[in-house]
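The values are calculated or read from the model by the stated rules, or taken from the named source; none is laboratory data. This structure is a prediction, so every number in the text was calculated from the model and none was measured. Every residue, glycine as well, gets a Cβ built from its backbone with ideal geometry; the counts of neighbours run over all protein chains shown. Accessible surface areas use protein heavy atoms only, side chains included; no ligands, DNA or RNA. Shrake-Rupley method; radii C 1.70, N 1.55, O 1.52, S 1.80 Å.
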Amino acid sequence: MILGGARSGKSSEAERRLTLLADGAGRPGDALYVATGGRRDGDADWAERVRRHRERRPDSWATAETADVAAVLRGATRPVLVDCLTLWLTAMMDEAGAWDDEAWYGGGEQKLAARFDELEDAWRAATVPVLAVSNEVGLGIVPESAAVRRFRDEQGRLNQRIAAASEAVVLMVAGIAMAVK
């Protein structure tokens with residue numbers, strides 16, 4: 001698991017490590033990149049970010065653009081990089097109606113918890129090396145709105161679960177990888 005703030009070098013470090021894993025498995029360049037961000041029509045900045053990420057990836061890597069990360073992990077036959085869990089969480093919170101207090105307390109919280117369970121179970125059961133990028137969002141100020149506080153809190157819970165299920169955890173700070181676990 002590779003954690004860090006915005007522009008800390010998380011994705012580049014994860015891509016470097018995925019290359020080493022694929023090469024070490026005797027399958028140079030054979031890897032799966034799972035992009036969880038989805039499309040955002042009309043957002044030029046987002047399109048540029050996606051373009052830069054795509055250009056960095058070797059042509060030999062397969063790419064899956066999906067938020068169904070658990071299904072990908074259950075069927076994976078080569079090293080996997082999930083980039084990123086923060087965007088996955090956003091999609092899962094959208095699915096659960098977590099941005100709305102009424103929807104959240106009316107079952108959304110349980111829906112999200114079930115998705116966390118599903119992801120953690122698939123992560124633990126993976127038979128291939130798996131890397132994930134995730135944002136560390138709990139180091140800043142306390143957000144003003146309940147929905148943003150909820151997101152921050154759920155991101156922290158998700159990070160704790162995946163970190164506990166991971167053999168190694170790295171924190172990226174200013175492009176420098178620091179071993180946490």
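Taking the chain as a Gaussian network, where each spring joins two C-alpha atoms under 10 Å apart, which residue of Glu136, Glu15, Glu55 fluctuates the most?
Taking springs between Cα atoms under 10 Å, the residue moving most is Glu55.
Can you tell me the relative contact order of segment 107-166? Whole percent, Cα pairs under 8 Å, sequence separation 6 or more.
Numbers: 22 pairs, mean separation 25.5, N = 60.
About 42 percent, as a whole number.
Would you mind checking which residues have amide H under 5 Å from Thr63's amide H? H placed 1.01 Å from N; only 5 or more apart, or other chain.
Placed amide hydrogens put Tyr33 under 5 Å from Thr63.
What angle, in degrees between 0 and 90 and rounded to the nearest 10, separates the Cα long axis of helix 10-24 from the longest principal axis of the Cα atoms of the chain?
Its long axis makes an angle of about 40 degrees.
Could you give me the ³J(HN,Hα) list for segment 101-108, computed from phi with Karplus coefficients 6.51, -1.76, 1.60 and θ = phi - 60°, whole Hz, x at Gly and Pro?
Whole-Hz 3J(HN,Hα) from phi for segment 101-108: 4, 4, 5, 4, 7, x, x, x.
Roughly how many debye, to the nearest 20, is the charge dipole of segment 13-133 about its Cα centre, given +1 on each Lys and Arg Cβ, -1 on each Asp and Glu Cβ, and no other charges? Mind dumping the intermediate values first?
Working: 16 positive and 23 negative charges, 149 e Å.
Here the size comes out at about 720 debye.
In the Gaussian network model of the chain, springs joining C-alpha atoms below 10 Å, which of Pro129, Pro58, Pro79 carries the largest mean-square fluctuation?
Most flexible of the set in this elastic network: Pro58.
Along the charge dipole of the chain, which of Val148, Ala44, Leu112 sits closest to the positive end, that is, farthest toward it, with unit charges on the beta carbon of Lys, Arg, Asp and Glu (+1, +1, -1, -1)?
Ala44
Tell me the per residue accessible area of the chain using a 1.4 Å probe; a whole number in Å² is fine. Don't skip to the answer; put the middle values down first.
Details: 9410 Å² over 181 residues.
Result: 52 Å² of accessible area for each residue.
May I ask for the angle, rounded to the nearest 10°, between helix 44-56 and the longest principal axis of the chain, with both axes built from Cα atoms and the value confined to 0 to 90°?
Value to nearest ten degrees: 30.
Considering all alpha-carbon pairs of segment 108-181, what whole percent are spaced by more than 14 angstrom?
Tail fraction, whole percent: 67.
Determine the percent antiparallel among the DSSP beta bridges restricted to the chain, to the nearest 5.
Looking only at bridges with both residues in the chain, the antiparallel portion is about 20 percent.
What residues have an amide H closer than 5 Å to that of Gly37, excluding those fewer than 5 places away on the same chain, when H is modeled at 1.01 Å from N in the peptide plane?
Cys84
Residue by residue through segment 166-172, what is 3J(HN,Hα) from phi via Karplus (6.51 cos²θ - 1.76 cosθ + 1.60, θ = phi - 60°)? Round to whole Hz and write x for glycine and proline.
Taking θ as phi minus 60°, the curve returns 9, 6, 9, 9, 10, 10, 8 Hz for segment 166-172.
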